[in-house]
Amino acid sequence: MDRWQYLIVLGGCLLTTAPLELFGSGVYRQPRRAAAAVLPVAAVFLIWDAVAVGAHVWWYAPRFILGVIAPGGLPLEELLFFLVIPLCGLLTYSAVDSLLRPLRRRFAEVKHR
Amino acid sequence: MSGLGYTLPAALAVVAVCALELGVLRTGLFRRPAYWISMAIVIGFQILVDGWLTKLSAPIVIYDNRHTSGIRFPFDIPIEDFLFGFALVTAVLLLWERRRVATRP
């Protein structure tokens, strides 16, 4: 069960943030925009990650990962990390932004008065 | 304890992301209250998740202390992780906002 730990942490992040999709125009409902935001950044950070693992700056405890290693020496979980965490960030921002929208409108009205 | 392997690139990543916004993308993200509120929420949850990943009693991610500042706070989180997280999430939000700017009439 230990070997699922990293994956379970990531799954927990997705589950916790999933309800945020209900606010505004969401993130999962804009898949192209989400992909255009997440994938280029993930690519850069995966290169950084692979270099750091290769140079033994940090590494992953074999006990807590499935042991599926992608080309570049990174565990599967680490690849998913760079999709999951950005999605959580986008969902948070999208929800906060939509919740602030009425306030923003009100502020604009006051300014125009 | 050289700090070169993680501390330096983490600091550079933050500088690079700020330069990307201020010099190239100019989305106005840093002027939006929604951004700063979101980052406060993200950092709050990062402390929980990252705290679990880096706890020294049973770490999932293990760091070579020679490559970090050695400062771990809160819990056992290397402070460099907060620079890493800030750069990662901010970069993604910048590209997300760029689409809004691009589609604005």
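The order of A:Val68, B:Val92, B:Val17, going from fewest to most other C-beta atoms within 10 Å of their C-beta, is A:Val68, B:Val17, B:Val92.
Seen against the Cα atoms of chain A and their longest principal axis, helix A:5-17 is set at about 10 degrees.
Projecting label points 7 angstrom from Cα along Cα→Cβ for A:Leu100 and B:Arg99 puts them 1.9 nm apart. Shielding by partners for peptide B:27-33, expressed as the average number of C-beta atoms from other protein chains within 10 Å of each residue's C-beta, is 2. When the protein assembly as shown is described by a simple charge dipole with +1 on each Lys and Arg Cβ and -1 on each Asp and Glu Cβ, the residue from A:Ala50, A:Val9, A:Leu22 located farthest towards its positive end is A:Leu22.
Overall, the protein assembly as shown carries a charge dipole of about 1300 debye about its Cα centre when +1 sits on the Cβ of Lys and Arg and -1 on the Cβ of Asp and Glu, all other atoms neutral. With a cut-off of 14 Å on the backbone N, no residue of segment B:55-82 is near the modelled label site 7 Å out from A:Leu14 along Cα-Cβ.
Per-residue mean of foreign Cβ neighbours for B:54-61 is 4 (Cβ atoms of other chains, 10 Å radius). Working from label points 7 Å from Cα in the Cα-to-Cβ sense, the B:Phe75 to A:Leu83 distance is 2.4 nm.
Sequence-ordered 3J(HN,Hα) estimates for segment B:54-64 from the Karplus curve with 6.51, -1.76 and 1.60 and θ = phi - 60° stand at 10, 4, 5, 5, 7, x, 8, 10, 10, 10, 7 Hz, glycine and proline given as x.
Against chain A, whose longest principal axis comes from its Cα atoms, helix A:31-54 is set at around 30 degrees. Note on A:37-45: average number of Cβ atoms from other chains within 10 Å of each residue's Cβ is 5.
Put the Cα centre of segment B:28-94 next to the Cα centre of segment A:54-113 and the gap is 11 Å. Projected label points at A:Val44 and B:Cys18, each 7 Å from Cα along the beta carbon direction, are separated by 1.5 nanometres. When B:Leu56, A:Leu46 are sorted by how many other C-beta atoms sit within 10 angstrom of their C-beta, beginning with the fewest, the order is B:Leu56, A:Leu46. Taking the fewest neighbouring Cβ atoms within 10 Å as the starting point, the ordered list for A:Cys88, B:Cys18 is B:Cys18, A:Cys88. Under 5 Å from the amide H of A:Trp58 lie the amide H atoms of A:Val53, B:Asp64, each residue being 5 or more positions distant or on a separate chain, with H modelled from the backbone and absent for Pro and chain starts.
None of the figures in this text is laboratory data; all of them are computed from the coordinates on show. Everything numeric here is computed off the predicted structure, so don't read it as measured data. So basically every Cβ, Gly included, is an ideal-geometry build from the backbone, and we count neighbours across all protein chains shown.
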